[in-house]
1. Show the residue pairs that are 6+ apart or on different chains and have beta-carbon atoms under 8 Å apart, the first residue being within the stretch 4-25 and assigned by TED's automatic domain parsing to the domain that holds Cys49, the second being of a type in the set (Asp, Glu) and loosely packed, with under 15 Cβ neighbours inside 10 Å.
2. Among the residues of the stretch 26-50, which ones are in a strand (DSSP E or B) and over 11 Å from Ser68 (Cβ atoms)?
3. Quick check on the stretch 51-63: of everything there that is assigned to a strand (DSSP E or B) and touching a residue at least 24 places away in the same chain (Cβ under 8 Å), which residue is farthest from Thr2 (Cα to Cα)?
Amino acid sequence: MTKNECGKTRKTADPYEVWTGANGFEWRVLKKYQNTENEAKNPHARWFCAVKSNFTYGEFELGDVYVSDVRENGIQNVDSMHLEDINWDPNAETFRLRVKDELGYLETEQRLI
């Protein structure tokens, strides 16, 4: 079992990850209660987040959110990922992205919009 590298609470200005979604939603992950392996097994896994949207008048509200809600409704900002390698051809419609997380490396192909 891997250690939870996001177990200490951070300040809103220095989150572990940033996710964005519709209606101006922004989730700043300030603490994860479980490591990635256990989160995958737990449908009620949660993160402590600072959340801002069009409905919060530009202010962040702090609280626990379900990981599944964030992942279903948001997109993780590339700036908040631990990028190891980006293979990008400016003439291509897709690019390959290699990201390091708690479980190791994830390689994904992203489509340019």
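The values are calculated or read from the model by the stated rules, or taken from the named source; none is laboratory data. None of the values given here were measured: they were computed from a predicted structure. Using ideal geometry, Cβ is built from the backbone for each residue, glycine included, and neighbour counts are taken over all protein chains shown.
1. Going by the 8 Å Cβ cut-off, the qualifying pairs are Val18/Asp79.
2. So in the stretch 26-50, the residues in a strand (DSSP E or B) come out as 26-32, 46-50.
The answer is Glu26, Trp27, Arg28, Val29, Leu30, Lys31, Lys32, Phe48, Cys49, Ala50.
3. Restricting attention to the stretch 51-63, the residues satisfying the condition of being assigned to a strand (DSSP E or B) are 51-52, 61-63.
Next, from what is left, pick out any that are touching a residue at least 24 places away in the same chain (Cβ under 8 Å): 51-52, 62.
Values: Val51: 27, Lys52: 31, Leu62: 27 Å.
Once the filter is applied, the top-ranked residue is Lys52.
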